[in-house]
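The values are calculated or read from the model by the stated rules, or taken from the named source; none is laboratory data. Bear in mind the structure is a predicted one, so any value in this text is a computation, not a measurement. Cβ: placed from backbone, ideal geometry, glycine included. Neighbour counts: every protein chain shown. Only protein heavy atoms, including side chains, enter the accessible area calculation; ligands, DNA and RNA are left aside. Shrake-Rupley method; radii C 1.70, N 1.55, O 1.52, S 1.80 Å.
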Amino acid sequence: IVSLISLVVLSYDRYSTLTVYHNRGPDYRKPLLAVGGSWLYSLIWTVPPLLGWSSYGLEGAGTSCSVSWTERTAQSHAYIICLFIFCLGLPVLVMVYCYGRLLYAVKQ
């Protein structure tokens with residue numbers, strides 16, 4: 001989740017860099033907030049199974065763990081749907097929008 005959200009932050013940064021002009025010097029607060037925000041967002045979506053909303057289980061070979069994808073409860077399905085929407089669907093849409101607008105701006 002952190003990797004995908006970091007890609008979203010980078011796409012937005014590239015989009016805002018080319019479409020919004022700033023003549024100020026380097027500001028390190030914005031990138032630090034972006035990195036911290038991506039980790040916080042990821043933490044918010046990875047903690048719920050530890051608190052009872054779905055659960056974590058062993059993967060196929062038994063060497064790593066992940067969300068219990070095969071569990072057939074309403075809570076598990078709700079968590080997986082929310083995970084899909086907010087940790088895959090929405091980030092991909094934001095990246096498509098940012099890079100689409102970026103391509104449009106470059107074409108202009």
Q | Solvent-accessible area, 1.4 Å probe, carbon plus sulfur percent, for the chain | A | 69 percent
Q: May I ask you to work out the translational diffusion coefficient for the chain at 10 °C, viscosity 1.306 mPa s, via Stokes-Einstein with Rh from the Kirkwood sum over Cα pairs, reported in whole µm²/s?
A: 99 µm²/s
Q) What FRET efficiency would be calculated for the residue pair residue 46, residue 17, taking the C-beta separation as r and a Förster radius of 22 Å, to the nearest 0.05? A) 0.15
Q.
Could you tell me which residue out of 95, 51, 83 lies farthest along the dipole of the chain toward its positive end? Charges go on the beta carbon: Lys and Arg +1, Asp and Glu -1, centred on the Cα centre.
A. 95
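Want the number for residue 3 to residue 84: 0.36 nm per residue separation, take away the alpha-carbon distance, what's left?
Details: separation 81, 0.36 × 81 = 29.16 nm, distance 1.48 nm.
That works out to 27.7 nm of additional length.
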Q: Can you work out the accessible area per residue across the chain, with the rest of the protein chains kept in place, probe 1.4 Å, in square angstrom?
A: 74 Å²
